[in-house]
Amino acid sequence: MVTCLNDALFPNVGKAVVTLLRRLGVDVDFPEAQTCCGQPMVNTGYLDEAVPVVRNFVSAFEGYDHVVTPSGSCAGSARHQHGIVARRSGDPGLERAVAETSPRVLELTEFLVDVLGVTDVGAVFPHRVAYHPTCHSLRMLGAGGGRLLVPDAHRRADVAAGVRRTRDAPGRGARGHRTRGVVMTGTFVGMPAFPTAAKAALADDQLRRNLALATGTIRSKRAAVVGEVDNWEELRLAGAAIKDRTLRHLDEHLLRLEESLGARGAVVHWARDAEEACAIVAEVATAHRATDVVKVKSMATQEIGLNEALAEHGINAWETDLAELIVQLGHDLPSHILVPAIHRNRTEIRDIFAREMGLVGRPAPADLTDEPARLAEAARLHLREKFLAAKVAVSGANFAVAESGTLVVVESEGNGRMCLTLPEVLISVVGIEKVVPTWSDLDVFLRLLPRSSTGERMNPYTSTWSGVTTGDGPQEVHVVLLDNGRTRALADEVGRQALRCIRCSACLNVCPVYERTGGHAYGSVYPGPIGAILNPLLKGVGVDEQTDSLPYASTLCGACFDACPVRIDIPSVLVDLRAQVVDAHRGSSGHRAEAAAMKGAAWALGRGSRLRRLERVAGAGARLLTRRGRTRGPADERPRRHPPGGTPRRRHRRGAAGPAGPRRRPQRGRRPARALHRAGGGLPRHGHPLPPRPGC
Ligand code: SF4
């Protein structure tokens, strides 16, 4: 399979592949009916338009032993996205055809190594070589799991004298230097759509430096501690299975949790949305005449905009997590799930402390420096007064164990332990997806979470509490079980896996988009890859432009899936959400041109014969324009790309002997000749014998 882009723009690549395979003794055919794998439609969410293209693909390649392509993304698309398109079509025949064809689609190096057993094709590089494993090869095709096999190339090549720092790579520098529904925190209200917000963020060099340093550090720590665990993949599978099993019977587990909590003296409240949850917390705090509450870091309370809601009731909510404190004192917005102030550097933090602490409590020391120990000391002294004065604390929970009515908070600073034990009243706002049935289920997540989030083997503080214990800790405990769109997400067949999320933030730290834009561009307390799927799932698509832009805030590289401890297939959910966004806007004026272009592309790529006709027309037009001198410009300075004899498609059409011909299509129902090795096998020129293959 020569990809449509290769065929049109880089035909030498296709030609070289055919030459190589022929030299290895492979019987190569070039089905003329082939057009495109359908990625342009799938990646933009036009799944209906992708159906005829995928149908053409499976028809063109039906019956071949292997479909080989010099493109990781095309092979990845065929293997992982064609199934999504086929299911969307509702045609069982297409689903069967895709299931039969997709596994036989291989990227060239997969075919060489895994099928032919060839690890050295005798390539010589008389120049500097940069090896870039594509994201799709690494992740969609799993090529990253194997050993890198470029055994001799470096000995023959002029090895690059120096290694460029990754951050200096081209393209990495900044350019030019209510109804009753789901409500997210009010602080992000009015944020522009992702492309607009991202553009502004990309122009901030300081932000990008802070992010690159912070995410790079966390990534390295995580990789080191995850690498220590032999059965990490089994743990991931177990975590995903427990969450899926629990979500299937969520109603039963929640009722059991309510019963267990009640039996231990906690008061359970149910909140359908942010408004209800905030009202419950405000009512409890007001009943105790509280004017100040201390807070444990909690995504759920940020999601519902609790601080702003309490302020309307005259209650101050004080964040006690160090990073949250920095955000609060800086009148800022959180930009990371785990490290909300990741966009700030130490100097900025010192300035915020020096300027703001004295306005709301104990001031920072006059000689405060930006040393981490001094900054932490200033925060500790400032917060100590808040802990000792507050009668009411508010927390979230990382997990809620149904069998014993136990809430669990994991943290690193000890501020959570202070909030959970010192005040008289504790109110915990807990998303309904946080429930786990048993303590043995909890065990799996307590092993997955710290390594994935902070890159530690275990959390410094793991606090568990079950209702009220007389004379020990808060004597009044309220638990608010929060929906706020979670049941909507649960109803989404593809997207419900997002409810497995344990908010570790590993997907943020590996995401190339997040690393460059930071979290604010996502316009939500949930940024990064998980935010790109969770926000639309909780709020629904077609509601506002900002939410609809989020599923497109990704390159679909798959790094998030690799890092996710509960195996959320974020790329697949993104594609499905993009399709929902497209469906929600079909026919609307702003999307007509794009939809028409996709329809046109689907028509052209749905049949090889149509594409051929278009190519002929385009070729004639180009020749005409060239003769009239209309195409003068930079393009004329480019080296000629088309090889002598034309593109593989043209050579094939002419029946030319050579790399792309001759034309031959296997008869339906008959297996064609297998990829044949030359009798005797091997590459005589280099003497690398090919392993014998059955049937050869
Ligand atoms: S999606 Fe996965 S990696 Fe991302 S925060 Fe959730 S659990 Fe962590």
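Could you check region 446-466 and list, in sequence order, the residues that are surrounded by fewer than 19 Cβ atoms within 10 Å (Cβ to Cβ) and more than 16 Å from the ligand (Cβ to nearest atom)? Scanning region 446-466 gives ARG457, MET458, PRO460, TYR461, THR462, THR464, SER466.
So that you can scan it fast, the table gives a plain yes or no per residue for (1) buried (at least 21 other Cβ atoms within 10 Å of the Cβ); (2) closer than 17 Å to GLY216 by Cβ:
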{"residue": "ALA491", "(1), (2)": "no, no"}
{"residue": "LEU499", "(1), (2)": "yes, no"}
{"residue": "SER505", "(1), (2)": "yes, yes"}
{"residue": "LEU508", "(1), (2)": "yes, yes"}
{"residue": "PRO512", "(1), (2)": "no, yes"}
{"residue": "THR517", "(1), (2)": "yes, yes"}
{"residue": "VAL525", "(1), (2)": "yes, no"}
{"residue": "ALA532", "(1), (2)": "yes, no"}
{"residue": "LEU538", "(1), (2)": "yes, no"}
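One residue alone among ARG139, ARG236, ARG209, ARG180 is outside the structural domain of VAL113 (by TED's automatic domain parsing), under 24 Å from the mean Cα position of the chain (by Cα) and at pLDDT below 95, and that residue is ARG209.
Quick one: would you say SER77 is surrounded by 20 or more Cβ atoms within 10 Å (Cβ to Cβ), touching a His at 6+ places or on another chain (Cβ under 7 Å) and in a helix (DSSP H, G or I)? Even if it seems obvious, please write down each step before you answer.
On the way: surrounded by 20 or more Cβ atoms within 10 Å (Cβ to Cβ): yes; touching a His at 6+ places or on another chain (Cβ under 7 Å): no; in a helix (DSSP H, G or I): yes.
Taking the combined requirement at face value, the residue does not satisfy it.
The residue pairs whose first member lies in region 389-407 and is under 16 Å from LEU247 (Cα atoms), whose second member is outside any strand (DSSP E or B) and of a type in the set (A, V, I, L, M), and whose beta carbons are closer than 6 Å, counting only pairs six or more residues apart or on different chains, are PHE399/LEU442; ALA400/LEU257; VAL401/LEU442; ALA402/LEU257. Among the residues of region 371-390, those identified as within 36 Å of the chain's Cα centre (by Cα), in a helix (DSSP H, G or I) and surrounded by fewer than 20 Cβ atoms within 10 Å (Cβ to Cβ) are PRO372, ALA373, ALA376, ARG380.
For region 192-228, filtered to residues that are over 20 Å from ASP562 (Cβ atoms) and of a type in the set (Asp, Glu), the residue that is surrounded by the most Cβ atoms within 10 Å (Cβ to Cβ) is ASP204. Of note, GLY83 satisfies the criterion of being farther than 28 Å from GLY25 by Cα, in a helix (DSSP H, G or I) and under 28 Å from the mean Cα position of the chain (by Cα).
Tell me the helices (runs of 4 or more DSSP H) entirely within region 534-615 that contain at least 2 residues that are modelled with pLDDT of 95 or more and of a type in the set (D, E, K, R). Let's see the steps before the verdict.
On the way: elements: 545-549, 559-563, 570-585, 592-605.
Correct list: 570-585.
In region 501-513, the qualifying residues are those that are in contact with a Cys (Cβ under 8 Å, 6 or more places away or on another chain) and not in a loop (DSSP other than H, G, I, E, B), and the one that is farthest from the ligand (Cβ to nearest atom) is PRO512.
The values are calculated or read from the model by the stated rules, or taken from the named source; none is laboratory data. Just so we're clear, the structure is a prediction, and the values are computed from it rather than from any experiment. Cβ: placed from backbone, ideal geometry, glycine included. Neighbour counts: every protein chain shown.
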